[in-house]
Amino acid sequence: MGYAAFDDAVADPATAERVQFDLDEGEQLGVSSTPSFFIDGEPVVLETWNDLEDTIEAAVNGAE
């Protein structure tokens with residue numbers, strides 16, 4: 001993607017609408033920083049190195 005294509009995308013009102021939509025959705029979900037992770041609609045709280053991997057494995061294996 002060249003500079004002109006980037007500039008066109010930034011200037012496109014649809015881009016601003018999409019960014020606003022994502023911002024509003026993040027606020028509704030309680031996102032306060034990025035990256036933020038959700039599994040099955042629930043936020044994942046990362047406190048230790050393996051929390052994300054462990055939560056994904058639990059969700060895949062049906063554990064709570």
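The values are calculated or read from the model by the stated rules, or taken from the named source; none is laboratory data. On a predicted model such as this, the values are computed, not experimentally measured, just so you know. All Cβ positions, glycine included, derive from the backbone under ideal geometry; neighbour counts span all protein chains shown. Ligands, DNA and RNA are excluded from the accessible area calculation, which covers all protein heavy atoms including side chains. Shrake-Rupley method; radii C 1.70, N 1.55, O 1.52, S 1.80 Å.
Within the range 18-31, which residues are more than 11 Å from the chain's Cα centre (by Cα) and small (Gly, Ala, Ser)? Hit for the range 18-31 is Gly30, nothing else.
Of the listed requirements (1) exposed (fewer than 10 other Cβ atoms within 10 Å of the Cβ); (2) modelled with pLDDT of 95 or more, Met1 misses just one: (2). Residues that are open to solvent by 60 Å² or more (accessible area, probe 1.4 Å) and under 24 Å from the mean Cα position of the chain (by Cα) were ranked within the range 8-17; the one that is modelled with the lowest pLDDT is Val10.
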